[in-house]
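The values are calculated or read from the model by the stated rules, or taken from the named source; none is laboratory data. None of the values given here were measured: they were computed from a predicted structure. For neighbour counting, all protein chains shown are included, and Cβ atoms are generated from backbone atoms with ideal geometry for every residue, glycine included. Calculation scope for accessible area: heavy atoms of the full protein, side chains included, ligands and nucleic acids excluded. Shrake-Rupley method; radii C 1.70, N 1.55, O 1.52, S 1.80 Å.
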Amino acid sequence: MRNLKIGGRLNLVSLAALVGLILVLALSLFRLNAVMRADIADRTQKTVEIAHSTIDHYQKLEAAGTLTRAEAQAAALAAVKAMRYGSNDYFWINDMHPRMVMHPIKPEMDGTDIGGTTDADGNYMFREMVAVVRADGEGFVDYNWPKPGVEEAQPKISFVKGFAPWDWIVGSGVYVDDIRAAVWSAALLQGSIVLAIILAVGTLNWFLSRSISRPVAALAARMRALADGDTQAAIPGLDRGDEVGDMAKGLSVFRDNAIAKAKAEAEKAKADAEQSFVVDTLSQRLASVSDGDLTAEIDVAFPDSYAALKANYNTAIGNLRDLIAGLAHSAHAIRTGSHEIAQASDDLARRTEANAASLEQSSAALTQMEGRLRATATAAERTVGQTGEAKAVVGAGRRTADDAVGAMGRVAGGAQGIDSVIEGLDKIAFQTRVLAMNAAVEAGRAGEAGRGFAVVADLVSALAMRSEEEARRAREELTATQTDIAAAVQAVQEVDSALANIMGSVEQVHELVSTMASDNQAQSATISEITVAIGTMDTSTQQNAAMVEETSAAARNLASEVAALSESAARFRTDSGRASAPVVRSQPVAAPILVRPEPRARAAAGGDWASF
């Protein structure tokens, strides 16, 4: 049934209707035949009962003594012989032997033995009649019997009923060929009607089949064309109001969906091509950025939907380029300043050491002077010369103290400059971290495309925070150094004062050389005090030298950090054909104590950039 077409299914309906009509016709004919046979049988039975009642009447007359049996039987036979019904139908009487008692049509059979009489089919119908009466008293017997005017024997329905007082059987039969003729006549009439109905149904089925199958076939062909991609041809049946029209409308929806799908696929293909172009372009530019080229801006036209991405990328690259360029410039300036600070600190260290050596010599000379004063209390003439030498030495010491004061002042001024530089570094680190935060925000807006840029922003932010921390530490060290330098300046000023006093004392010694012998003990005590003061000054000078060495080491460490920062910044190109800034290594400066940069600080300053 699934593979049967609609026309075939409609033909099945017609065939079912035909079979149904034929079955109804057959059942009707069978019913008509049965009804007519039953009617004839009933009518025959009733007429036989009339004849039976006639015989019974005469038997009653016999019983009443009115007639003898012979008279009653003769009267009864005469009455029954004369009785007719229907189309000249008659009654006969036979006994239980069986012998024919009376036959109105064939009187020659009267008194004859009819037990061996058969019908056209060879049936012993009279024996069957006797058997029926003996069994039930009455009943029907069918047989074929010759009919007047008809060559062949015709079927006949007979009803027989026994009359026990006289041992008779009265019966009558009716030919049923009329029933067959009536049935055939009804069959012809009803068959003609059925044939007309079949023709009408077949014609209607043909028209219905064509009215359904042809539009459905057209829709099927249109469906196949639509499946092959034909979305332009018209759809038949859209103006119909039946199910075919609904199918056509549904097919129209499919066509519209197919058109929309094709349009969506074309738009998706276009969007995919645009996305692929944008991704490839961004990948190339980001690859250039990862190689250090910060001039890799997007100069090709992007689709309108990606114009904002292009603008944001170019803006971010420009900001990063400016940041790296500014960072490189600041690093270069810091590197120069730190180099100068380191040289100044080294110079100050050497001078401080020279000053310490001079003070040591002065202390030794004063010690010798004290010994000589004690040893040569009586050698006043030699004291004048020695006093002159002492005066010269004290003058030199005072000049040295003045030089030390000047150097300390310059160190204090340099420390102020270093503080300004550190403050600038702190501001630069803060601005760098702010720029890194802005870059991270822009990278976050860029999504997956800005992930690498976000890593760069995180590294820059970490470097800026490291720079702030190192600047803070440098400021703390510088503050301590300034405090120590102030103390050293005060001590040198005290030394200068002491030298001034020495100078006055020496002049007094020179003037009072005549009284040196008597005042020798007092001079020895004074020289002892001078020795203690010079020792104190020497200690302070040594401390100043240590402070200066620490300052120099800090300056060299700062220079190393700045050099590492410059090396990292130099990997990026901020304009065409040129790196952000040349990398200049700080020249090592001779110093009494060489302070190397910490490896951890070196790794923090340059390690992350090297891994970018």
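Numbers below:
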item	result
Calculated FRET efficiency for the pair Leu27/Ala82, C-beta based, R₀ 45 Å, to 0.05	0.60
Asp322/Glu360 FRET efficiency (R0 51 Å; Cβ-Cβ; nearest 0.05)	0.35
Cβ-Cβ FRET estimate between Val19 and Ala217, R0 fixed at 30 Å, reported to 0.05	0.60
Aspartates and glutamates with Cα under 20 Å of Lys391, excluding same-chain neighbours fewer than 8 positions away	Glu360, Glu370, Glu381, Asp402, Asp403, Glu494, Asp496, Glu507, Glu511, Asp519, Glu529, Asp538
Debye intensity ratio in log₁₀ form over the Cα atoms of segment 68-202, taken at each q of 0.13, 0.15 Å⁻¹	-0.62, -0.76
For peptides 55-66, 94-105, sequence by mean Cβ density within 10 Å, most packed first	94-105, 55-66
Computed accessible area, Ser185, all protein chains, 1.4 angstrom probe, square angstrom	70 Å²
Cβ-based net charge around Asn314, under 13 Å, with every Lys or Arg adding one and every Asp or Glu removing one	-1
Full-extension gain in nm, Phe207 to Asp256, via 0.36 nm per residue minus C-alpha separation	14.4 nm
Within segment 19-101: Cβ-based charge dipole about Cα centre, in debye rounded to nearest 20 (Lys, Arg +1; Asp, Glu -1)	180 debye
Share of alpha-carbon pairs per 5 Å distance bin for segment 307-410, given as whole %	3, 10, 12, 11, 8, 8, 6, 6, 5, 5, 5, 4, 4, 3, 3, 2, 2, 2, 1, 1, 0
Heavy atoms of Phe254: accessible area, 1.4 Å probe, square angstrom to 10	130 Å²
Accessible area, probe 1.4 Å, largest first, for residues Trp184, Trp168	Trp184, Trp168
Dipole moment magnitude, nearest 20 debye, segment 268-418 about Cα centre, only Lys, Arg, Asp, Glu C-beta charged	820 debye
Segment 349-477: relative contact order in percent, alpha carbon pairs under 8 Å with at least 6 residues between	23 percent
Histogram of C-alpha separations across segment 393-530, 5 Å bin width, %	2, 9, 12, 10, 9, 8, 7, 7, 6, 6, 5, 4, 4, 3, 3, 2, 2, 1, 1, 0
Fraction of accessible area attributable to carbon and sulfur, the chain (%, probe 1.4 Å)	57 percent
Sum of -39500 (n - 2.57) over DSSP H runs of 4+, divided by residues of the chain (222 nm, nearest 500)	-27000 deg cm²/dmol
Cβ-defined net charge surrounding Ile55, 15 Å radius [Lys, Arg +1; Asp, Glu -1]	-3
Debye, to nearest 20: dipole size of the chain, +1 on Lys, Arg Cβ, -1 on Asp, Glu Cβ	2460 debye
Helix 307-375 vs. the chain, principal-axis angle (Cα, 0 to 90°, nearest 10)	30 degrees
Where labels lie 7 Å past Cα in the beta-carbon direction, separation of Ala392 and Thr118 in nm	19.5 nm
Angle between the chain longest axis and helix 451-511 axis [Cα atoms, degrees, rounded to 10]	10 degrees
Ratio Rg/Rh, restricted to segment 239-307 and using Cα atoms, in which Rh is the Kirkwood radius	1.45
For Trp145, distant residues with modelled amide H under 5 Å away	Gln154, Lys156
Two-site label geometry, Glu494 and Gln542: point separation in nm, points 7 Å out along Cα→Cβ	1.6 nm
Restraint check, Lys60/Lys156; Lys46/Lys106; Lys310/Lys427; Lys249/Lys270; Lys60/Lys147, Cα-Cα greater than 29 Å	Lys60/Lys156; Lys310/Lys427; Lys249/Lys270; Lys60/Lys147
Charge dipole (segment 265-338, unit charges on Cβ, about Cα centre) - positive-most of Ala296, His332, Leu286	His332
Ile530 - accessible surface, heavy atoms, 1.4 Å probe, Å² rounded to 10	20 Å²
Semi-axis lengths (Å, descending) of the ellipsoid that matches the C-alpha gyration tensor of the chain	163, 30, 14
Rounded tilt (10° steps) of 243-290 against the dominant C-alpha axis of the chain	20 degrees
Simple label model, 7 Å out from Cα along Cβ direction - Val300 to Ala287, nm	1.2 nm
Reciprocal of mean inverse Cα separation for segment 397-437 (Kirkwood radius, Å)	12.3 Å
